[in-house]
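The values are calculated or read from the model by the stated rules, or taken from the named source; none is laboratory data. Being a predicted model, the structure only gives us computed values, none of them experimental. FYI the Cβ positions are ideal-geometry reconstructions off the backbone, even for glycines, and counts take in every protein chain you see.
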Amino acid sequence: MEYCAYGVFWKSVGDAMGIEYKGLLANAESGWRDGTEFIDDVAAWAQSYEVQAMKPSLICAKPAEALIPMITYWVPWFAKPFAADIAISLLGGRVREAFMLPEPDIAAVATVYSLLVIRRFVLRHLALPRFFEFKRLRDPDPKTGRMTQWVPYGNYPFYTQPTIWNRWGPVAWAKWLYGGKLPGDNPEEYMPQGYLFTDIGPKSRMGLGIEEMENDVERIKASKWAGCPF
């Protein structure tokens, strides 16, 4: 049932975006009976596309070279190679090949999958439901509509307010001693004032496409997008 609902949801999203499936999906001409048939068709297309397109690429390698150090920033220097192997082991073989990343050490792979099995068992059988709502984002500012994060991500305090606790609390002191960045540092880059949805993306594209987006929203509202797409 959940798998079928997954297909129904993404078919509705694709229809709202005006995606044309003919010539791409095998059953696009005859149509699909339900979400299960649709998502199976998409999965088959995705697998064939990966075989054709996911080849080793210097363009793909550049973001991978930048992201691995970001992920392992807080790891001590002597453990960084092992931590990098752990991050790489979470990627599929075809993705690693496209990113031109090395094969991870077998010990890292064994560690990752052992921890995932333990985590699954703990969450399924031992973890209690949350007693309180977990909120990563603050409520939008009533005046500007901008949203900020409660806690900065790693060493990159994007959209985090430079409150007294965030800049002078014990965690902030530990980060400062380690050489990390604090909320309020480099305000032009990390935008402590928060963000709007129209700000997301490269700086050169910030604020662009608002009218087009609003027109799409009105078009979708006027259509029968909430019904079953099959």
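Pairs are defined by a Cβ separation below 6 Å, a sequence spacing of at least 6 or placement on different chains, a first member in the stretch 27-39 that is surrounded by fewer than 16 Cβ atoms within 10 Å (Cβ to Cβ), and a second member that is part of a loop (DSSP other than H, G, I, E, B) and modelled with pLDDT of 85 or more; the pairs so defined are 28/21; 28/22. Assessment of the stretch 131-152 against the conditions (at pLDDT below 85, under 19 Å from the mean Cα position of the chain (by Cα) and surrounded by 14 or more Cβ atoms within 10 Å (Cβ to Cβ)) yields at least one matching residue.
Scanning the stretch 1-18 for residues that are over 21 Å from the mean Cα position of the chain (by Cα), within 19 Å of residue 223 (Cα to Cα) and without any contact (Cβ under 8 Å) to a residue 12 or more places away in the chain turns up just one, 18.
Looking across the stretch 74-90, the residues that are among the aromatic types (Phe, Trp, Tyr) and not in a loop (DSSP other than H, G, I, E, B) come down to 77, 78, 82.
Exactly one residue out of 200, 210 is among the hydrophobic types (A, V, I, L, M, F, W, C) and surrounded by 10 or more Cβ atoms within 10 Å (Cβ to Cβ): that is 210. When restricted to residues that are within 17 Å of the chain's Cα centre (by Cα) and among the β-branched types (Val, Ile, Thr), the stretch 153-176 contains 0. Of all the criteria given as (1) hydrophobic (A, V, I, L, M, F, W, C); (2) touching a residue at least 40 places away in the same chain (Cβ under 8 Å); (3) under 18 Å from residue 150 (Cα atoms), the one not satisfied by residue 228 is (3).
Pairs linking a residue in the stretch 55-68 that is exposed (fewer than 10 other Cβ atoms within 10 Å of the Cβ) to a residue that is not in a helix (DSSP H, G or I), with Cβ atoms under 9 Å and 6 or more positions apart or on different chains, are 58/100.
Only residues that are modelled with pLDDT of 90 or more, surrounded by 14 or more Cβ atoms within 10 Å (Cβ to Cβ) and outside any helix (DSSP H, G or I) were counted in the stretch 91-117, giving 4.
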